[in-house]
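Here's the structure we're looking at; comments come further down.
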């Protein structure tokens, strides 16, 4: 955990520094052309810092969504794999409710996060 926070902090500092450098560009008619690389770099490194810092929060939302997508793809006959079949079985077991399925997968992911941090 400490490594992720450190790397996120480094990217945040780099982003902030780049934003400061972009504000120091001389004022002229085409100032944005000079500041654009600094601004883009600040935005990209800021997004990287945010993703690294909030990694588990992002996964908490996207992982259940992907699992639900697999069940939906199997239900509509788009993908026929063992994993998609298993996700569809769980979805069917929960009464064919994507809301309930999403919630159960999210609860399982929360349990995984708690169990993995205790180790």
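Candidates 11, 16, 38: the one that is touching a helix residue (DSSP H, G or I) at 6+ places or on another chain (Cβ under 7 Å), modelled with pLDDT of 95 or more, assigned to a helix (DSSP H, G or I) and at negative phi is 11. Here segment 85-99 is the region considered, the condition is being under 22 Å from the mean Cα position of the chain (by Cα) and surrounded by 13 or more Cβ atoms within 10 Å (Cβ to Cβ), and the residue that is farthest from residue 70 (Cα to Cα) is 98.
Every test in (1) surrounded by 13 or more Cβ atoms within 10 Å (Cβ to Cβ); (2) touching a residue at least 40 places away in the same chain (Cβ under 8 Å) is passed by residue 110 save one, and that test is (1).
You will find that of 47, 69, the residue that is in the same structural domain as residue 110 (by TED's automatic domain parsing), at pLDDT 95 or above and either closer than 30 Å to residue 117 by Cβ or not in a helix (DSSP H, G or I) (or both) is 69 and no other.
Could you identify the single residue in 41, 32 that is assigned by TED's automatic domain parsing to the domain that holds residue 6 and more than 21 Å from the chain's Cα centre (by Cα)?
So the residue among 41, 32 that is assigned by TED's automatic domain parsing to the domain that holds residue 6 and more than 21 Å from the chain's Cα centre (by Cα) is 32.
The values are calculated or read from the model by the stated rules, or taken from the named source; none is laboratory data. Keep in mind the model is a prediction, meaning the values are calculated, not measured. Ideal geometry is used to build each Cβ from the backbone, glycine not excepted, and the neighbour counts take in all protein chains shown.
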